[in-house]
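Student: Have a look at the structure that comes next, please.
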């Protein structure tokens, strides 16, 4: 067994979405910086497509001590946002915020039983439909 630490992927800084220079794609830590008061990126809105995972990461300290300290307040604000079709949208700490239930794919690999597809395989997930419903 090797004592070498496993390789870790480096996080990339927030960067513009191709074709949308005013839309930044960032990490969970970037989102925490914006909502927890720093907003060094000077963004006007945060779209969170992995809310429960993000809250877990904040709670576990992956997004910094300041985020952990303000978590109860921010989580309470998020839970109080009006929801429609699973999308929560409103304002938190002066920043427009939207949480939507997006995922990378609708389904996992197909399951085949006796030569027939019992569970369909991967299908692309169109996150655009959630963004349109969120009215961001």
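The values are calculated or read from the model by the stated rules, or taken from the named source; none is laboratory data. Given the structure is predicted, the values throughout are model-derived calculations rather than measurements. Every residue, glycine as well, gets a Cβ built from its backbone with ideal geometry; the counts of neighbours run over all protein chains shown.
Student: Just name the residue that is farthest from residue 27 (Cα to Cα) out of those in region 46-94 that are in contact with a strand residue (DSSP E or B) (Cβ under 7 Å, 6 or more places away or on another chain) and part of a helix (DSSP H, G or I). Spell out the reasoning first.
Tutor: Looking only at region 46-94, we keep the residues that are in contact with a strand residue (DSSP E or B) (Cβ under 7 Å, 6 or more places away or on another chain), and these are 46-48, 51, 54, 74, 77-78, 81-82, 87-91.
Going one step further and asking which of them are part of a helix (DSSP H, G or I), we end up with 51, 54, 74, 77-78.
On the way: 51: 13, 54: 10, 74: 18, 77: 21, 78: 18 Å.
Here the answer is 77.
Student: Going by the structure shown, is residue 72 loosely packed, with under 11 Cβ neighbours inside 10 Å, modelled with pLDDT of 90 or more and more than 15 Å from the chain's Cα centre (by Cα)?
Tutor: Details: loosely packed, with under 11 Cβ neighbours inside 10 Å: yes; modelled with pLDDT of 90 or more: yes; more than 15 Å from the chain's Cα centre (by Cα): yes.
Answer is yes for this residue.
Student: Is it true that some residue in region 16-24 is crowded, with 17+ Cβ neighbours inside 10 Å and either assigned to a loop (DSSP other than H, G, I, E, B) or modelled with pLDDT of 90 or more (or both)?
Tutor: Filtering region 16-24 for residues crowded, with 17+ Cβ neighbours inside 10 Å gives 24.
From the residues that got through so far, the ones that are either assigned to a loop (DSSP other than H, G, I, E, B) or modelled with pLDDT of 90 or more (or both) too are none.
No, region 16-24 has no match at all.
Student: Now for a different question. If I go through region 32-42 residue by residue, how many of them are within 18 Å of residue 17 (Cα to Cα) and touching a residue at least 40 places away in the same chain (Cβ under 8 Å)?
Tutor: So the count comes out to 1.
Student: Of the conditions (1) in contact with a strand residue (DSSP E or B) (Cβ under 8 Å, 6 or more places away or on another chain); (2) in a loop (DSSP other than H, G, I, E, B); (3) loosely packed, with under 11 Cβ neighbours inside 10 Å, residue 43 satisfies every one except a single condition; which number is it?
Tutor: Result: residue 43 fails condition (3) only.
Student: Can you confirm whether region 43-66 contains a residue that is without any contact (Cβ under 8 Å) to a residue 24 or more places away in the chain, over 17 Å from the mean Cα position of the chain (by Cα) and farther than 19 Å from residue 14 by Cα?
Tutor: Yes.
Per-residue answers, yes or no, for (1) at pLDDT 85 or above; (2) exposed (fewer than 12 other Cβ atoms within 10 Å of the Cβ):
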{"site": "64", "(1), (2)": "yes, no"}
{"site": "81", "(1), (2)": "yes, no"}
{"site": "92", "(1), (2)": "yes, no"}
{"site": "101", "(1), (2)": "no, no"}
{"site": "113", "(1), (2)": "no, yes"}
{"site": "119", "(1), (2)": "no, yes"}
{"site": "127", "(1), (2)": "no, no"}
{"site": "131", "(1), (2)": "no, no"}
